[in-house]
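The values are calculated or read from the model by the stated rules, or taken from the named source; none is laboratory data. The model shown is predicted, which means the values in this text are computed figures rather than measured ones. Neighbour counts run over all protein chains shown; Cβ positions are idealised from the backbone, glycine included. Each accessible area value is taken on the protein alone, full model and side chains, heavy atoms only, with ligands, DNA and RNA left out. Shrake-Rupley method; radii C 1.70, N 1.55, O 1.52, S 1.80 Å.
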Amino acid sequence: MERVVQFTGPRQVDVAEHAGAALPPGHLRVRTRYSGISAGTELTAYRGTNPYLTRTWDPEARLFRDGAAGIEYPVAGWGYSEVGEVTEVSPELVGTPGMPVVGDLVWGIWGHRSEGIVPAERMRGHTLPDGLDPLAGAFARVGAIAYNAVLSSDIHLGEDVAVFGQGVIGLLATRLAHLNGARVTAVDALDSRLATAKEYGAVHTLNARTDAVAERIREATGGRGADTAIEISGVYPALHEALRSVAVDGRVVASGFYQGDGLGLRLGDEFHHNRVQLICSQIGGVPPQLSARWSVERLQQTFLALVASGQVDVRSLVSHVVPVEEAADAYHLLDERPAEALQVVLAF
């Protein structure tokens, strides 16, 4: 039997069981070991705020259409950070160069389910590097999201970069910006996360609740402001403060998943008067100016190579490894007590 985590309604989670399916041609069967929970995108479905629950995405027009929901409860198998062991390969693929084989540990996206049936072409190059902790494979996608935001920032050696939000992806962005040569100021509302940000390379930390963030950033940069800010919390007031914090002609990379109307965001203020560039970073693609050389696959593979080489530590970000049977408790923790958790991983 296959076990699948599903949302049956807002803030309602259960683990359903289904009979296993036969393996179709061109696919691999993967037995899941770990699946990381996204505290951003997934919680929008858990809470009932995701736009797909109230509108339909038109992929040709690239617009949301009112009138019908794109997805409905139960929402099954969400999750985009899985790692597992290949247990079956479609017979016609056996011996194909570069294809994972039975017994390989692979990373990819097949949702919070005990078994994934995945198109083989999507798994080329997805074998975990030798010696890498299998748990690290659950960070390929979140690492790529952080990496994409850093690429979108166009950071140059010695520049000042503020990273708003120091959850898992924000901490990874702080580390990658530091490796890229930036002087990083980390901003968050939780002192515990700011302490971790220092370990990940932040030179300065600011508490969003108690510090005048934009003013402190300008003081630390001789009145100029940050060259770039990465906003990754998905909270509109944080995006507004990021716009206040950058220099004239500075850049703000919006990498969070913002929900609802933009309360707290005032585009007639510093955004307008300082000619701030506002850039969206979303993992559906890389910055267009880099698309000839970079891809989402390269982002993921390069990030895992950095982990394997010891330049990025992901293991210390795992605060909880929860048996899949207790998935409801895991979501409740992330929703109600975020200060107690960083990366929560389901174990199958």
Query raised in the report: Between residues in region 215-232 that are among the small types (G, A, S) and open to solvent by 50 Å² or more (accessible area, probe 1.4 Å) and residues that are in a helix (DSSP H, G or I) and modelled with pLDDT of 95 or more, which pairs lie under 8 Å by C-beta distance while being six or more apart or on different chains?
Result: none
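For region 178-231, give me every one of the strands (runs of 3 or more DSSP E) that falls completely inside it and has 1 or more residues that are under 13 Å from E159 (Cβ atoms).
Fully inside region 178-231 and qualifying: 183-188, 226-231.
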Query - Matching residues, region 22-38, being in a loop (DSSP other than H, G, I, E, B) and open to solvent by 60 Å² or more (accessible area, probe 1.4 Å) - result: A22, P25
Report summary line: If we keep only residues of region 94-114 that are open to solvent by 50 Å² or more (accessible area, probe 1.4 Å) and under 17 Å from R31 (Cα atoms), then the residue nearest to the chain's Cα centre (by Cα) is I109
Query raised in the report: W107 is checked against (1) part of a loop (DSSP other than H, G, I, E, B); (2) at pLDDT 95 or above; (3) of a type in the set (F, W, Y) and fails just one. What number does that condition carry?
Result: (1)
Report task. Mind listing whichever residues of region 306-322 are among the small types (G, A, S) and in a helix (DSSP H, G or I)? Result -> A308, S316
Query - Failed item in (1) more than 30 Å from H27 (Cβ to Cβ); (2) free of Cβ contacts under 8 Å to residues at least 40 places away in the same chain; (3) not in a loop (DSSP other than H, G, I, E, B), with R175 passing the rest - result: (2)
Query raised in the report: Are any of the residues in region 289-299 closer than 19 Å to T41 by Cα, open to solvent by 40 Å² or more (accessible area, probe 1.4 Å) and out of contact with any Asp or Glu (no Cβ under 7 Å at 6 or more places or on another chain)?
Result: no
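Each row is one residue, and each column tells you yes or no for (1) in a loop (DSSP other than H, G, I, E, B); (2) more than 30 Å from P134 (Cα to Cα); (3) modelled with pLDDT of 95 or more; (4) among the hydrophobic types (A, V, I, L, M, F, W, C).
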position	(1), (2), (3), (4)
V5	no, no, yes, yes
W57	no, yes, no, yes
I71	yes, yes, no, yes
W78	yes, no, no, yes
T87	no, no, yes, no
G95	yes, no, no, no
M99	yes, no, no, yes
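Which members of region 256-268 meet the condition of being out of contact with any His (no Cβ under 8 Å at 6 or more places or on another chain) and surrounded by fewer than 21 Cβ atoms within 10 Å (Cβ to Cβ)?
If the condition is that a residue be out of contact with any His (no Cβ under 8 Å at 6 or more places or on another chain) and surrounded by fewer than 21 Cβ atoms within 10 Å (Cβ to Cβ), then F257, Y258, Q259, G260, D261, G262, L263, L267, G268 are the ones that fit.
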Query raised in the report: Hey, does region 293-305 have a residue that's outside any helix (DSSP H, G or I), more than 26 Å from F139 (Cβ to Cβ) and among the basic types (K, R)?
Result: no
Report task. Scan region 269-284 residue by residue and report those that are out of contact with any helix residue (DSSP H, G or I) (no Cβ under 7 Å at 6 or more places or on another chain) and either open to solvent by less than 50 Å² (accessible area, probe 1.4 Å) or of a type in the set (F, W, Y) (or both). Result -> N274
Query raised in the report: Which residues, counting only those in region 322-335, are open to solvent by less than 70 Å² (accessible area, probe 1.4 Å) and touching a residue at least 24 places away in the same chain (Cβ under 8 Å)?
Result: V322, P323, V324, A327, A328, A330, Y331, L334, D335
Query raised in the report: Which condition does M1 not pass, out of (1) in contact with a strand residue (DSSP E or B) (Cβ under 8 Å, 6 or more places away or on another chain); (2) surrounded by 12 or more Cβ atoms within 10 Å (Cβ to Cβ); (3) of a type outside the set (S, T, Y), if it passes all the others?
Result: (2)
Report summary line: Taking first residues from region 129-148 that are in a loop (DSSP other than H, G, I, E, B) and second residues anywhere that are open to solvent by less than 10 Å² (accessible area, probe 1.4 Å), the pairs with Cβ under 9 Å that are 6 or more apart or on different chains are P129/A136; P129/L304; L132/L304; D133/V314
Report task. Give the residue that is surrounded by the fewest Cβ atoms within 10 Å (Cβ to Cβ), with candidates limited to residues of region 234-255 that are under 19 Å from N207 (Cβ atoms) and out of contact with any helix residue (DSSP H, G or I) (no Cβ under 7 Å at 6 or more places or on another chain). Result -> P237
